[in-house]
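Notes to accompany the following structure.
The values are calculated or read from the model by the stated rules, or taken from the named source; none is laboratory data. Keep in mind it's a predicted model, so treat the numbers as computed, not measured. Here the Cβ positions follow ideal geometry from the backbone for every residue, glycine too, while neighbour counts run over all protein chains shown.
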């Protein structure tokens, strides 16, 4: 329980997750090995349990690759690479999220990875200084019961950068992850147009904090949703 709210955290990783709590005590968090089977089991279990007012955060930091079919104009397929080099294709992840039967719940998926933009194929995309644009070709999301929001660090065919941010930075953080967290710390209610402009400003033009070989390169974040968003709302 936190602030009267029930929260559950599951960490699927391929490394030990060490953390330091607010009292300065360090420990290793319990984790689940990030195999394809474990990821599918955890996500499908979470979808079955979603109910009115629930929010489910899915955060992925790792590798997203693109498989280009030889038969043009078949759409390239993006996939996540798991611990044991298995693939989770975009269509598979969408199908798992479709198993939610709660229209009043919200699923937020954050991808801080190369080639990740539009991974879930959501129909409404939000661009800098533009209103939501409907992508009519993305039909699979018509079956989404929950509201699904995707925040991705890049478009397809773009690398995702990391850097050393903050005055006490000791390890690199993904650009999207770092700046999204800073925004959420300062805003309990998210203004969509403000968030889009903020992420563009911070991620589009790479600058101080990035490693030297990444300076001057570009990544364009992408925010999309299964149902149209407007005004202010609580993202988490």
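Apart from one condition, residue 33 fits all of (1) surrounded by 15 or more Cβ atoms within 10 Å (Cβ to Cβ); (2) over 16 Å from the mean Cα position of the chain (by Cα); the exception is (1). Residues satisfying the criterion are present in segment 48-62 (criterion: closer than 25 Å to residue 118 by Cβ and either touching a helix residue (DSSP H, G or I) at 6+ places or on another chain (Cβ under 6 Å) or modelled with pLDDT under 85 (or both)).
Per-residue answers, yes or no, for (1) touching a residue at least 24 places away in the same chain (Cβ under 8 Å); (2) in a strand (DSSP E or B); (3) touching a strand residue (DSSP E or B) at 6+ places or on another chain (Cβ under 6 Å); (4) within 20 Å of residue 59 (Cβ to Cβ):
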| position | (1), (2), (3), (4) |
| --- | --- |
| 94 | yes, no, no, yes |
| 102 | yes, no, no, no |
| 108 | yes, yes, yes, yes |
| 111 | yes, yes, yes, yes |
| 117 | yes, no, yes, yes |
| 122 | yes, no, yes, yes |
| 128 | yes, no, no, no |
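Once segment 173-210 is narrowed to residues that are surrounded by 16 or more Cβ atoms within 10 Å (Cβ to Cβ) and farther than 19 Å from residue 224 by Cβ, the residue that is modelled with the highest pLDDT is 178.
Matching residues to (1) modelled with pLDDT of 90 or more; (2) within 27 Å of residue 159 (Cα to Cα); (3) not in a loop (DSSP other than H, G, I, E, B):
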residue	(1), (2), (3)
7	no, no, no
15	no, yes, no
24	no, no, no
44	yes, no, yes
71	no, yes, no
